[in-house]
Every structure is written in C-alpha cells, then in structure tokens.
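S.K.: For reference, the structure I am asking about is given below.
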Amino acid sequence: MTSFVVEADGGSRGNPGPAGYGAVVKDASDGQVLAEIAEAIGTQTNNVAEYRGLIAGLRSLLAIAGDGAAVEVRMDSKLVIEQMAGRWKIKNEGLRPLATEAAGLARRLRVTWRWIPREKNKDADRLANEAMDAAAKGRPWRLAGASPTAPAGPAASGVSSGPATGSAPAGPAASGGPAAGFRETASWETASRETGSAGRPTASTIQDSLLDLIGEEETVAPAPYGPVSGTDPETTAATGSGVGTGWRPPTTVATSLLMLRHGETPFSAERRFSGVGDPELTSAGIAQAEAAAARLSRPPYGIQVVVSSPLKRARVTAEIVAARLGLEVEVEEGLREVDFGDWEGHTFTEIQRRWPDELAAWLADPSAAPPGGESFEVAARRVQTTGDRLVERYEGRAVLAVSHVTPIKMLLRFALEAPPSALYRMHLDLAALSLIEYYADGPAVVKAFNDTSHLR
C-alpha cells in the first residue's frame, strides 16, 4: 500500500531563464501535507528545474519517513516520469547527473511513477511559480505571507499543517517566528542541517540530526583519527603521552573522552523518539557493540575507564566493550538521553498530529519540554555538569563514555563553544565514536566525530 505521495514540478521563464521548483510530500491516507519545498535556482531550463523538484521531494520524504517507504511520485513532466520509470532514454547529458541522483534516492524507496496533467499538480505548480517569481527578482523563495526577515526554513504553520523539509533553523535557541522556505544546496546532507537566524528545527532535522531516531545507516570515516589512531606524525597516542593539538605539543597531558553511541534498538530502527524508555538492543545493535569492542580493545586506545548512561541500550553496549577491555562499567546518571515524556515511542508524524501546539513550542524554545518530559535547557545543564565532573575525576586518563545522541552532541557543542543551534548541524550514527581532548592549559579540542569505520 502506498503510504506517501510526492508531487513535484519545476519551470523556467524563458527556457533557459529564471527558474524554480516546488515539491509537496503528502500522507496518502488523508492527503495531509507533511512538507512543502521550493527554491529559486537562478537561470536554468525547465527540465533541470523539474528534476531538481523531484530530487527535493524525494529527499524530503526520506527525511520524514526513512528508507523503504512506499510512495507514488506524481509529476506533469512526461519526460521526467518516463525517464525515471526507465521507459525513455536520457539523451541530454546535462540532465544525466540529476537523473542519476534522483534514481539513487528512488532506490531507497518503493516508488510508483505516475504522470498527471498540470491541473492535478496545482500545489507543486504553485510553489514552482512562486520560486520562479523569486528567481526573476534575484531573491530566494519565500512562503507567501512570511516575514521578510524570516530565515530560510519551513513554513511557520509547518508544525500544524505539515513541516517543510529543508534548512534547519537555529534550533533550540531560536526565537521562533515565521520562516521563509527551504533553500536547497548542492549538498543536501549539509543543507538539511543548516540554520537560519531565528527559526525552528524541521522534521527532518529533528529526526536525523538530534534525537535517538536513526536506524541502520552507517557512515565510514575517511581515515582513523588523531590520538587513538597514532597516525598523526605530530602527535602520540592518547594514553597519557601528551597529544598535540596543532603544530606545537601541549604542556600538560590530555584527558581523552571517547564517546560511543549505543547500538541499534527497535525504536531507532523504526525512527521513534527514544528517551528514557528502555528498549533492548536488537541483534544488529549487539553486533555493532561487538564491532566497537573489537576496535577499542586494540592499541593504541588504552582505555582506562568505561562509564555509561543508566539506560539499558547504552549500558549493554558499554558492558560488551568493557568485557573485552577487562574493565568494569561505571553508571553515570547524567549521560542518559533526554526525557521525551508522553512522546516516548512515537514517530515525529504521530507527535505532529496529536500534540501540534506542544511540538511547536518545543521546537521554538529550549526551555519548553514535551508533555511530562525534560527540556533541552535542563538537559544541557545536566550534561555539562556531568562532563565537567568526568574530566576532573579522571584527569589525564582515557575515558570511554557510552551514551546517546543528545548528550554526545551537547558535549561536542560545549567543547567547541558553539551555540545550541550547532546540535542541528551534527549527525550521529549508531555505534559511532567521537573524541574530545581536554587540556588543563588550554581549550578542549574535538579530535573526531561520528567515526563508524569499525562497522564496515
């Protein structure tokens, strides 16, 4: 059964000329709009704009529903639909890279391709025309009625009527207010986590960038990193031997905090809010923990202490690693995930429908908490206090902390002295390793982030 509908369109005033695209993601069961995306793309052809609209729509759906979702893609472009369905050849070399990108996204979904007449593609056509109007004026597309000072992001009404997928606004520290619209860039993995000056995080940002919702995706770091790899000729291993942070060595020994996200659970596989609930690791999650244990048990890591969140998914991951290292696990309450209260176990779409006002407040204000849950503001104080305590207690030692998406990102943010919006510019995979080194005579240094090379 089809679960979603993507409608996309694009156009150009002059072909080539001022161009733009629009796309809409809908729930197939009731037609509810889940996301609206548009962009003014300067001077392009009709076909380029149409493909760009398709790509934006597919990306938005993947951000909302994840891999494997069933979708009917509807466009009034016969060319794009027939080429994507494999019935027409792609003769225009300029379209081939776009078609390849669209096909790659489509392979992650269960797609039915359907041509529709223009009069049945009104939503996407409207967005594309708004974007073309903006392109003709040399301006970014803005949602009709949006404040001219609003950031590039989803519509202000997106939380109640369907969040737009696109550039993430300034996250928990944002002041809210109407947003202007998604501006796609060449690298959507970056664009979907961008922040504006004063908006709210989108559905895709919350799901893919902040919460414990990501399932099976594995990314591979390009190379081992800094102190734990021993590959940097300017430094030595982070096992109490004084690791360099640049061109000169430090004057004191670093305290190394390796942070490991727990393995997969049923909630992360199904992209559900997973806070203080206690799901077990799946068999895949156990395998991920064992892979991390095998890596961390080899030189040059030299881990001396293992601490863990009290939640089962983190604790079991930590115990698997600690057993390989011959160490005991010390439970640290401050490393637990944020409490999502009544939202625990629900998907973003379910929360959007059942608690639209509460969700809007939570996305706009770090002091706002989910019903019965914990705010990011409170969680940040807890995590920062915990991090300071660990660094003080284990000064000069190598510590492995097994935790969750939010605490790990918060510790990284504090080390970088970055604003709360930085949380939405980070992505953490399951069983990923990150590293911060703390120096008594200088600032903390982030030496690695989201390394999953042990999962290859």
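A short reminder: the numbers here are calculations on the coordinates, not readings from a lab. Fair warning: this is a prediction, and the values are worked out from it, not measured in the lab. Glycine gets a Cβ as well: all are built from the backbone with ideal geometry, and neighbour counts include every protein chain shown.
S.K.: Once you sort the root eigenvalues of the Cα gyration tensor of the range 256-346 as a ≥ b ≥ c, which label holds: rounded (a/c under 1.5), prolate (a/b larger than b/c) or oblate (the other case)?
M.R.: Working: a/c = 2.62, a/b = 1.68, b/c = 1.56.
Prolate, because a/c is 1.5 or more and a/b exceeds b/c.
S.K.: What number comes out for the charge environment of E377, summing +1 per Lys or Arg and -1 per Asp or Glu over other residues with Cβ under 14 Å away? Before the final figure, lay out each step's value.
M.R.: Details: positive: R381, R382, R413; negative: D339, D365, E374.
Surrounding charge for E377 is 0.
S.K.: Tell me which of G442, L455, H404 sits at the most positive position along the dipole axis of the range 352-456, charges placed on C-beta atoms (Lys, Arg +1; Asp, Glu -1).
M.R.: My answer, from the dipole projection, is L455.
S.K.: Separation of the range 46-122 and the range 359-420 by C-alpha centroid, Å?
M.R.: 40 Å
S.K.: I'd like the FRET efficiency for E417 and E333, computed as 1/(1 + (r/R0)^6) with the beta carbon distance as r and R0 of 35 Å, rounded to 0.05.
M.R.: Values: r = 25 Å, r/R0 = 0.72.
Between E417 and E333 the formula returns 0.85.
S.K.: Using the number of other C-beta atoms within 10 angstrom as an exposure proxy, rank V276, V445 with the fewest first.
M.R.: Values: V276 17, V445 20.
Ascending number of Cβ neighbours within 10 Å: V276, V445.
S.K.: Could you order peptides 119-127, 284-292 by the average number of other Cβ atoms within 10 Å of their residues, highest first?
M.R.: Details: 119-127: 18.2, 284-292: 21.2.
Ranking, from highest mean packing down: 284-292, 119-127.
S.K.: Separate question: At 0.36 nm per residue, minus the direct Cα-Cα distance, what do R393 and E377 gain on full extension? Give it in nm, one decimal, please.
M.R.: Taking R393 through E377 to full extension adds about 3.3 nm, to one decimal.
S.K.: A further question on this structure: Using the Cβ atoms and a cut-off under 11 Å, what net charge is assigned to the surroundings of I90, where Lys and Arg are +1 and Asp and Glu are -1? It would help to have the intermediate numbers written out before the result.
M.R.: On the way: positive: K89, K91, R96; negative: E82, E93.
Its environment carries a net charge of +1.
S.K.: Now, a different point. Placing unit charges on C-beta atoms (Lys and Arg positive, Asp and Glu negative, everything else neutral), compute the dipole magnitude of the range 322-386 about its Cα centre in debye, rounded to 20. Could you put the intermediate results ahead of the total?
M.R.: Numbers: 6 positive and 14 negative charges, 35 e Å.
So the magnitude is around 160 debye.
S.K.: Going by amide H atoms built from the backbone, whose H comes under 5 Å of the H on L34, apart from near neighbours?
M.R.: V25, K26, D27
S.K.: Measure off 7 Å from each Cα along the Cα-to-Cβ vector at A287 and K78, then give the distance between these two points in nanometres to one decimal.
M.R.: Taking the two extended label points, one gets 4.7 nm.
S.K.: Moving on. Given the Cα-Cα distance of R354 and E280 and 0.36 nm per residue of separation, how much length would full extension add, in nm? Working shown, then result.
M.R.: Working: separation 74, 0.36 × 74 = 26.64 nm, distance 2.65 nm.
Extra length available between R354 and E280 comes to 24.0 nm.
S.K.: Moving on to the next point. Step through the table entries K409/K447; K78/K137; K91/K137; K312/K409, compare each Cα-Cα distance with 22 Å, and write down the pairs that go over it. Could the numbers behind the result be given before it?
M.R.: Working: K409/K447 14 Å; K78/K137 29 Å; K91/K137 32 Å; K312/K409 20 Å.
Check vs 22 Å cut-off fails for K78/K137; K91/K137.
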